[in-house]
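The values are calculated or read from the model by the stated rules, or taken from the named source; none is laboratory data. As the structure is a prediction and not an experimental result, all values here were calculated from the model. Cβ atoms come from the backbone with ideal geometry, glycine included; neighbour counts cover every protein chain shown. Keep in mind that these areas ignore ligands, DNA and RNA; they rest on the heavy atoms of the full protein, side chains included. Shrake-Rupley method; radii C 1.70, N 1.55, O 1.52, S 1.80 Å.
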Amino acid sequence: MEQTSRLFNENVRRALAEPTLKTALDRTTTLLRTRRAKVIDAFPQYAKARETAQKIKDHTLDHLGHYLRQFEENARANGAQVHWAATPEDARRIVTDICRAENAKTATRVKSMLGEEIGIAEALTEAGVERIETDLAEHIIQLAGDPPSHIVMPAMHKTHEQVAELFAQKHQDPGTKQDIPSLVESARRELRPKFMNADISISGANFLIADTGSFVTITNEGNAELTTTPPKTHIVTVGIEKMVPSLKHAAVFIRLLSRAAIGTEITQYTTFYNGPKRAGDRDGPENLHIVLVDNHRSDMLSDFLRPMLRCIRCGACMNHCPVYATVGGHAYGAVYPGPMGSVLTPAMTGLKGSKDLPNACTLNGRCKEVCPVNIPLPDMLRSLRARQFESGMVTPKAKWSLKLWAMLATRPALYHFCTTIANIMLRVLARGQGKISAVPFAGGWTRTRDLPQPEAGTFMQQYRKQQR
């Protein structure tokens, strides 16, 4: 993560120069925004549910120690083994020790951003365990050798044409058709035998339920159930902030999660797991291990970034972020991309090593507007920027730019004069074409895009005309 900031500008330049990436992002984010808007409009209780979800999360965080102890007690009573991991290194060690104890050679895995956060893929490889990604999008990026570019749709950066080419190269039986249903069928043929023959399975959890010791997975493919059920041993890796007090409280989030994430009323599969296989059960793992991961979450409880622990990993903030929609997830150079990643990454790895991420934002506020648990992402990003400035992490160029802006912003007459001149100059540069392809001293803006021609007159000039 120390390279996050150093590589950010390079990643952005590469992303902006990739036309296929823009096509893939436009297709998916536009669809998701449209679907979300429709399903929210059809849910009259949305505002109330959102408010309730925020209160539940805040209450749970206020009493997180109590609910974690309650969960551990009830999960153990159900027959699960509970492990505590303060760091990603601890979590990796626990998982690989279990794999070695079971003499596991293959492991099926359900998509989990917590798994990415702790580096579970690399740990399995080092332990000599073959990792089999069972989520379709994760299967795609595993074949491509890519990291996830979105927390809900990891292969968002791929067009289906690229996926067809990849499957033709990697699948034993790719088929002859390249439409989406045929590609899904090809993945099914490739993965089904591996589901049934894996030695061990690994998943995350969308929620932990304190009063029952249960965990919940929410998917649209059914791969979670096929992953968790056949192997003898199942491992869950989950962040401690995923806790909710009871099933009643979990239901509030289940109603919100799918609407925010993919614009549907509910997911295809919502499964509650209540321990390993019991006498009389027809299926299920004989051994269940639950690894509760901290990784600086406890630090965030007493920090100004505490509201970030409300996050239910829906990805809505990314789908509505103009920066993400332009450069994609890989440009952020971190596990968590988009607005939520620009807050989480500094919290988990330090602000110095990821100082560019809080600045990868226009502060338009759309992320907060669509967040189902009302996380004040723009406020936290502004606070991170302020800490950068106070800590001397800002470059001399940026510091002088801010001083120049402050001088203009605190002198209204000078500010209005300068904006009037700038408006005239930009209209001259547009030459009546409606767009500007080059601006002196602003090559960063026009290198990969055109600027729109400004309106005739500044905002204040147009406002005064309307008031006459």
Is it true that some residue in the stretch 298-306 is open to solvent by 10 Å² or more (accessible area, probe 1.4 Å), without any contact (Cβ under 8 Å) to a residue 40 or more places away in the chain and assigned to a helix (DSSP H, G or I)? no
Among the residues of the stretch 218-258 satisfying the criterion of being assigned to a loop (DSSP other than H, G, I, E, B) and of a type in the set (D, E, K, R), which is surrounded by the fewest Cβ atoms within 10 Å (Cβ to Cβ)? Lys232
Tell me, yes or no, whether the stretch 442-449 has at least one residue that is within 39 Å of the chain's Cα centre (by Cα), small (Gly, Ala, Ser), assigned to a loop (DSSP other than H, G, I, E, B) and within 22 Å of Thr326 (Cβ to Cβ). yes
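If we only count helices (runs of 4 or more DSSP H) wholly inside the stretch 1-92, which ones have 1 or more residues that are within 20 Å of Val373 (Cα to Cα) and touching a residue at least 12 places away in the same chain (Cβ under 8 Å)?
The helices (runs of 4 or more DSSP H) meeting that bar are 19-41, 46-62, 64-77.
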For a quick check of your reading of the model, give me the residue pairs whose first member lies in the stretch 190-203 and is over 21 Å from Gly119 (Cβ atoms), whose second is open to solvent by 30 Å² or more (accessible area, probe 1.4 Å) and not in a strand (DSSP E or B), with beta-carbon atoms closer than 7 Å and at least 6 apart or on different chains. Glu190/Gln172; Phe195/Leu226; Phe195/Pro230; Met196/Pro230
Scope the stretch 342-371; condition surrounded by 17 or more Cβ atoms within 10 Å (Cβ to Cβ) and hydroxyl-bearing (Ser, Thr, Tyr); matching residues: Ser342, Thr345, Thr349, Ser354
Please find, within the stretch 130-158, the residue that is farthest from Arg259 (Cα to Cα) out of those that are part of a loop (DSSP other than H, G, I, E, B) and open to solvent by less than 10 Å² (accessible area, probe 1.4 Å). Thr134
Filter the stretch 381-401 for residues that are more than 18 Å from Ser342 (Cβ to Cβ) and either surrounded by 14 or more Cβ atoms within 10 Å (Cβ to Cβ) or of a type in the set (S, T, N, Q) (or both) and give the result. Thr395, Ser401
Contacts under 7 angstrom Cβ, first residue in the stretch 126-148 being free of Cβ contacts under 8 Å to residues at least 24 places away in the same chain, partner crowded, with 21+ Cβ neighbours inside 10 Å and among the acidic types (Asp, Glu), 6 or more apart: Gln142/Glu133
Checking His320 against (1) surrounded by 20 or more Cβ atoms within 10 Å (Cβ to Cβ); (2) in contact (Cβ under 8 Å) with a residue 60 or more places away in the chain; (3) under 18 Å from the mean Cα position of the chain (by Cα); (4) under 19 Å from Asn11 (Cβ atoms), which test does it fail? (4)
